[in-house]
Each structure stands twice: as structure tokens, then as C-alpha cells.
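Structure first, then comments.
The values are calculated or read from the model by the stated rules, or taken from the named source; none is laboratory data. Here the structure is a predicted model, which means the values were calculated and not measured. Note: ideal-geometry Cβ built from the backbone for every residue, glycine included; neighbour counts use all protein chains shown.
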Amino acid sequence: MPIKIDDHNGNIFAGGDNSDGDLVLQSNSGQNRIHLDAGAGNLWLGGNGADGDLVMFRNDAEHGNLAEASVHINGQEANVFAGGNGAEGDVLLKSRAGENRIHLDAGGGNLWLGGNGADGDLVMFRNDAEHGNLAEASVHIDGQEANVFAGGNGAEGDVLLKSRAGENRIHLDAGGGNLWLGGNGADGDIVLFASTGDNKTLSQATIHLNGDAGDI
């Protein structure tokens, strides 16, 4: 039977017996707005003059109050809001075998990439680059080898480290081939150790270039 109404349990069954069960809801003017398509397993929301949203709530939220939603997918602006209202919004992407590979963790403010059989890379491009072509990347952080590549392809790669107050303290300038240390309230030093040094005790250093005193 293509449609069966189970009034005892309050269920409606549509489709089967070589029939595709669909549910189509229309506007006052007869335009399709919601289409539940059992044949393809799809849910179509919005269009024809109305944007389609998917809104989900926690069990303690007020149904119909968008401000209390824990998940909101907005078809008009293509935005996804997840979390808040007592829920931590995470995005977790897995491999075919079910291993965690990408984890966007809103609670901890972290992005976890790779592991479980795959190395995690962060790759960024300039606006004129070909997306997906690693050779055209301007920034590439390689989780497998712990390498950072910045610059090239029309971009000058700089590393700029600042103090808590926002003053420039360390500037690695690839364009000029320079290393700038100190200034803005702090002297810049270069300290070198032998293999037997502990990498933290100044008296164990074999070379100390003191930017404040100008001594070697």
C-alpha cells in the first residue's frame, strides 16, 4: 500500500510496493517549499521566494525560539551555526574507516588535523593561485615533518613576533634576508650553545651576542 495511516501509534507510511514516497509542502500560491524525497533520501528546504533553514534544539530549549537553537543551517546566507545554549559546537570529519582526521573544537578553540594514518597539513593560497595546487601555496604547514613554508608565489614570507603589549620584538624578514631582534623596550640577544649545553643557562653559552651592550 503506497500510503498507510497507523492511527493507533500516530504513524504515516508512504511509498513502497514500487512507489516512491514523497512529502511536498507548498506555499499559499502553490510553490514547492519543503520536499521530503524518500526515493533519493533528500530533504529540500526553501527556494521559490523563501529561504530554507534547518533548526535544531536541545531537549531543554523552547521550540520555535531561534535564539535557543543549538544548530542552525541558514540557506539564504549559507551559514552554519553550531553550539551555544549549553552545547559545545564541534565539527568532526572521519576517514572511510571511521578514524578521526579533522576536528574543529569550539569549546577549546582548537583545530586538530591529521593523525590516525594521515598527516595533517594547513595550506593557504593567494587570491590568484590555483586552489588545490600545493606548488602555488603561499603558506604550508606540514604536520608530518613539522615544517613551515611561507612566501613565494608572489608573497614575501615574514615571521613577526610581538610582546604582550603588541610591540614588534622578533622579525624574520625573508624579502630582505634579515633577522631583527629586540627594540621597543627589550634588548635582542643571540645565544649559541655547544652540544653539551642545556639551551637555557646563559653561562653555558659559547657565543652570546648582546644587543643591549653591543658585546660578543
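Just a few scattered comments:
- Residue within region 181-200 that is among the hydrophobic types (A, V, I, L, M, F, W, C), loosely packed, with under 10 Cβ neighbours inside 10 Å and not assigned by TED's automatic domain parsing to the domain that holds residue 115 present: yes
- Taking the numbered list (1) modelled with pLDDT under 95; (2) surrounded by fewer than 14 Cβ atoms within 10 Å (Cβ to Cβ) in turn, residue 211 passes all entries but (2).
- For the condition surrounded by 14 or more Cβ atoms within 10 Å (Cβ to Cβ), outside the structural domain of residue 30 (by TED's automatic domain parsing) and out of contact with any strand residue (DSSP E or B) (no Cβ under 6 Å at 6 or more places or on another chain), residue 61 qualifies.
- Region 3-22, residues that are over 17 Å from residue 35 (Cβ atoms) and of a type outside the set (A, V, I, L, M): 4, 6, 7, 8, 9, 10, 11, 13, 16, 17, 18
- Entirely in region 12-98, the strands (runs of 3 or more DSSP E) that have 1 or more residues that are within 32 Å of the chain's Cα centre (by Cα) and of a type in the set (A, V, I, L, M, F, W, C): 32-37, 42-45, 53-57, 69-74, 79-82, 90-94
- Pairs, first within 29 Å of residue 68 (Cβ to Cβ) in region 82-102, second assigned to a strand (DSSP E or B) and hydroxyl-bearing (Ser, Thr, Tyr), C-beta under 8 Å, six or more apart: 82/70; 83/70; 84/70; 85/70; 86/70; 87/70; 89/70
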